[in-house]
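**Q** This is the structure I have questions about; it appears just below.
What follows is calculated from the coordinates using simple rules that are stated; it is not laboratory data. Small disclaimer: the values here were computed from a predicted structure and weren't measured. Methodologically, a virtual Cβ is constructed for each residue, glycine included, from the backbone with ideal geometry; neighbour enumeration extends over all protein chains shown.
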Amino acid sequence: MNSKYQTIKYKGNKPSTVDDVVSIEEPLEMTVRYQKNKEWLSNSISITMRTPKNDEDLIIGLLFCEGIINKKSEIEKIEFLGDKVGKFKIQNKIQITLNNGENLDIKHLRRNFLTNSSCGVCGKTSMDSLEIICKTKINVNSPKVKSSLITKIPSLLMQNQSEFSKTGGIHASALFDVNGKALVIREDVGRHNALDKVIGHSFKNSIFDTKNQFIACSGRLSFELVQKSLMANIGLLMGVGAPTSLAIDLAKRSDMTLIGFVKSDSFNIYCGENRILKTN
């Protein structure tokens, strides 16, 4: 979603008034409803700044990546709550009802922080709470991706970034197959939200075939993006930006392939070179 804002643009030291297309950023309060000891409970788990679109994918992806849900059958329903508010008349509350309440760990579920649009882990109380134990290990030998395809990814991403082409102010994540087909792509002001939306949609619609798929991101590669990809059992993550030290360390510990600075003629492999097929 986007909106036009009037701005003064300087070009050649000459000002002019123009309409600039800007990405919309709105808060989303996410609530989980569940039954425990025959009592229905509802807990607000997070407030995130997001681009208002694909909110169902966002909450599903977040809960999946946090280890709260593992099967589609655990989701009873998803609904928007409250009035349409603000300048853009958007519902900014979403509630997911789960049927696995007896097994929910409330202390883990309550993420009492405000997630901003640039950092998904801001406000978490300790590093110990960041690394979630994956229940399944990624396949150490797949996917196999041709080096010639990797250099095409920035262009393939850009071709599918409709919002970025209009605003220049939004991140993208995509699930690709090893032939370079974009299976799912989502854009959001938050890079972690974009990936949650990709994972949530893929989980909900049973799209994952992780031995033949990888994830590509438009920005830098953070610890949290590596963690989310691992929770989805994805063995290869690449991005057009730089990885952080924690991202590299986690990828190495998990036998993941991590590729950064992907350009039309070059890329850097930080770990997991065995998944890359060298081509001329």
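**Q** What FRET efficiency would be calculated for the residue pair Asn274, Lys36, taking the C-beta separation as r and a Förster radius of 41 Å, to the nearest 0.05? Let's see the in-between values first.
**A** Working: r = 45 Å, r/R0 = 1.10.
Approximately 0.35, to the nearest 0.05.
**Q** Additional query: To the nearest 0.05, how large is the calculated FRET efficiency for Asp20 and Asn212 if R₀ is 35 Å and r is the Cβ-Cβ distance? Intermediate results must be reported in sequence, preceding the final value.
**A** Working: r = 41 Å, r/R0 = 1.17.
About 0.30, to the nearest 0.05.
**Q** Enumerate by residue number the trypsin sites (Lys or Arg not before Pro) in segment 54-101 meeting two conditions: DSSP loop (anything except H, G, I, E, B), and at most 15 other Cβ atoms within 10 Å of the site's Cβ. Could the numbers behind the result be given before it?
**A** Details: sites: Lys71, Lys72, Lys77, Lys84, Lys87, Lys89, Lys93; in loops: Lys71, Lys84, Lys87, Lys89.
Answer in residue order: Lys71, Lys84, Lys87, Lys89.
**Q** Further question: Taking only DSSP H segments of four or more residues, each worth -39500 (n - 2.57), what value at 222 nm results for the chain once the sum is divided by all its residues, to the nearest 500 deg cm²/dmol?
**A** Values: 8 runs with 64 residues, N = 280.
It comes out at -6000 deg cm²/dmol, rounded to the nearest 500.
**Q** If one computes the Cα centroid of segment 208-280 and of segment 4-83, what distance in Å separates the two points?
**A** Value for the Cα centre distance between the two parts: 25 Å.
**Q** Please work out, to two decimal places, the log10 of the ratio I(q)/I(0) at q = 0.09, 0.11, 0.18, 0.19 Å⁻¹ from a Debye calculation in which every Cα of segment 150-272 carries one identical scatterer.
**A** Relative scattering, expressed as log10 I(q)/I(0), comes to -0.20, -0.30, -0.87, -0.98.
**Q** Here is a follow-up. Regarding the chain, what's the average projected area of the Cα-atom convex hull, expressed in nm²?
**A** Working: hull surface 66.2 nm².
Seen from a random direction, the Cα hull of the chain projects 16.6 nm² on average.
**Q** What's the ranking of 254-262, 95-103, 197-205 by average number of surrounding C-beta atoms within 10 Å, highest first? All intermediate terms of the calculation are to be shown ahead of the outcome.
**A** On the way: 254-262: 21.4, 95-103: 16.2, 197-205: 23.3.
By packing density, highest mean first, the sequence is 197-205, 254-262, 95-103.
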